[in-house]
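The structure under discussion appears below in the form of structure tokens.
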Amino acid sequence: MSLLFDALFSSVALSHFMVDVFNSSRPVLLTYLGLSETQIALISTIYIWTSAMTQPFFGWMSDRVGPRWLAAGGVLWMTVFYTGAALVPGTGGLICLIVAALGSSSFHPVGTVQATLQGRNHLAGRETTAASLFFMAGQLGHFIGPVITGLILARLGLPAMLILPVVSIPIGFALAHQLRHNHPHPKAEHGDGKIKLQAAWSFVILLAIVATLQSWSQSNMINFFPKYLKDMGMNASTYGNIAGLFMGGSALGNVIGGYYGDKFAKRKVAALALLLAAFPIFIISQIGWSPWLYLLIPLAGACTGSVHSIMVVLAQRIITGGMALASGLILGFIFSSGALGMLLTGPLAETYGFPVVLMMTTGLVLLASPLALMLKEKTA
């Protein structure tokens, strides 16, 4: 596949991997620091909203000034403030952690557009496949992040988390080099640069609901499962590995969903994946700690993760005014809606236990499945 050997795409994908290694270290780190479910939910919500609500702005900026320093600068911004999160004790470290989210916000809409454009150039217009490969790189970061964070914390302690910022420095500068020509993003044909929707409001609302339910489901699994395992006596290495397996499955599912989303109706692929997700999540809610989690967790990740690139590509098609702006709007919405759900999930898990949250998550994906089937792919 020529896309994988394209220097620009590979650099953007590797940067996405690094950014999401940083992002995915957060739940394991907060669990290691001894925070409660409600505290994890609150800090994670602030972190995600800091990133999500500024993504449209960074997307809008990159459509006008070019992608170079918004993408590479985002990686290097996270390098600086994750260093602070590792070295500064107490509240100051948590503030550095939250500020680091702005780097993720700057990178994501720009990186998404670069991946989509390279897909159009190298895969004969198969942008969903290209987007899924880009998101797979990020979700591989989500897979490696919890695993490596758990190992570092269990064996070396908090100061050794500096390993991650050190690794990210050459990645950020390599991306700056690949984007040195700083080509502006293409404008929509016959467009005037203003934000417009090329779909009926019913489609937009339905897409927003499906994206919210999918994001909320994944947020429940990603942010609270480490705490659930810690409460059952597991160490940082174990709950880091399990969290990583969920996102490893999500990475694989993302590629499968993107591939079949290009071959068949996207709504049907999304609906089937969400329906299948209900089975492993329900079983997980019933069995507690079991070796079966090593199979069920990545399966749940694959089913829920396969919908992500489909949602992003559908949104890119219906929003004009700049590709990065469209990407920023949909990614910002997906991330922020999942974070908003966590404000309910955190106290619910603390009061009634995480198995109840898993039952609720089963209901979320079962509700999302028939709604996804109603997403008729018309953009007029």
Q. Of all residues in region 66-116 being part of a loop (DSSP other than H, G, I, E, B) and under 30 Å from LEU156 (Cβ atoms), which is modelled with the highest pLDDT?
A. VAL88
(Q) Residue pairs, Cβ under 8 Å, 6 or more apart or interchain, first in region 286-305 and at positive phi, second open to solvent by 20 Å² or more (accessible area, probe 1.4 Å) and among the aliphatic types (A, V, I, L, M). List them. (A) GLY288/MET232
**Q.** Among (1) open to solvent by less than 30 Å² (accessible area, probe 1.4 Å); (2) out of contact with any Phe, Trp or Tyr (no Cβ under 8 Å at 6 or more places or on another chain); (3) in contact (Cβ under 8 Å) with a residue 12 or more places away in the chain - the single one GLY93 does not satisfy
**A.** (3)
Q) Does PRO146 meet the test of being modelled with pLDDT of 75 or more, buried (at least 21 other Cβ atoms within 10 Å of the Cβ) and closer than 28 Å to SER11 by Cβ? A) yes
**Q.** Residue list for region 262-301, filter: touching a Ser or Thr at 6+ places or on another chain (Cβ under 6 Å) and of a type outside the set (Gly, Ala, Ser)
**A.** ASP262, LEU274, LEU275, ILE281, PHE282
Q) Of ILE43, ILE48, which residue is surrounded by fewer than 24 Cβ atoms within 10 Å (Cβ to Cβ) and assigned to a helix (DSSP H, G or I)? A) ILE43
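The values are calculated or read from the model by the stated rules, or taken from the named source; none is laboratory data. Since this is a predicted model, take the numbers as computed values, not measurements. Neighbour counts run over all protein chains shown; Cβ positions are idealised from the backbone, glycine included. Quick note on the areas: whole protein, heavy atoms, side chains included, nothing else; ligands and nucleic acids left out. Shrake-Rupley method; radii C 1.70, N 1.55, O 1.52, S 1.80 Å.
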